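Enquirer: Pasting in a structure now, in structure tokens, and then I'll have a few things to ask.
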Amino acid sequence: MSTAPRTWQGPSAPERLALLRATRSIAIVGASDNPARASYFVATYLLSSSPYDVYFVNPRAEQILGRPVYPSLDALPVVPDLVDVFRRHDDLPTVLDETVAVGARTLWLQLGSWHEDVARRGEDAGLDVVMDRCVKIEHARFHGGLHLAGFDTGVVSSRRALR
């Protein structure tokens, strides 16, 4: 992740909700078959708790969660609406180029991913761009499912409950 100051402004919460509502298919680039990886957790959630058609992209995997894995975005059987990226910072420009080439509408960089040049280039190419946000958390937040990840503790106050 870059240490440069953040100047790019991403979409607001209502805009992110509109993006997710307009999305029918998601390609997870950098999907992993390792249950300890964030992409696996996100994939599990999306498959079980969202309306999206989910596709996995990873040139080194053949199957994740019983589904086929594709070596690249252009190998997918569909053009995904949203490309959810779990890749290293230095790989993001290449993923952007592939996203534009296949005709996806949205490039979504996961938590911890921030690349201002990629965001600006993506917007210039007509993409909606979201950075440093988790599709799973955002979907759950907008649809009342944060409790599935243990985020909804039921505590309304910032004070600890007395026992």
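Enquirer: Going highest first, how would you order 110-119, 127-136, 59-68 by mean Cβ packing within 10 Å?
Expert: 127-136, 110-119, 59-68
Enquirer: Let me ask something else about it. Using a 1.4 Å probe over the heavy atoms of the protein chains, calculate the carbon and sulfur portion of the accessible area of the chain as a whole percent.
Expert: Solvent-exposed carbon and sulfur of the chain make up 49 percent of the total.
Enquirer: Please report, in whole Å³, the volume per residue of the convex hull around the C-alpha atoms of the stretch 59-101.
Expert: It is 88 Å³ per residue.
Enquirer: How big is the Rg/Rh ratio for the stretch 1-125, C-alpha atoms only, Rh by Kirkwood, two decimals?
Expert: A ratio of 0.94.
Enquirer: Which value in deg cm²/dmol, rounded to the nearest 500, describes the helix-derived mean residue ellipticity at 222 nm for the chain, given -39,500 (n - 2.57) per DSSP H run of n ≥ 4 and division by the residue count?
Expert: Helices in the chain give a 222 nm mean residue ellipticity of -9000 deg cm²/dmol.
The values are calculated or read from the model by the stated rules, or taken from the named source; none is laboratory data. These figures come from a predicted structure and were not determined experimentally. Cβ sites come from the backbone with ideal geometry, for glycine too, and all protein chains shown count toward neighbours. To get the accessible areas, we keep the full protein, side chains included, count just its heavy atoms, and leave off ligands, DNA and RNA. Shrake-Rupley method; radii C 1.70, N 1.55, O 1.52, S 1.80 Å.
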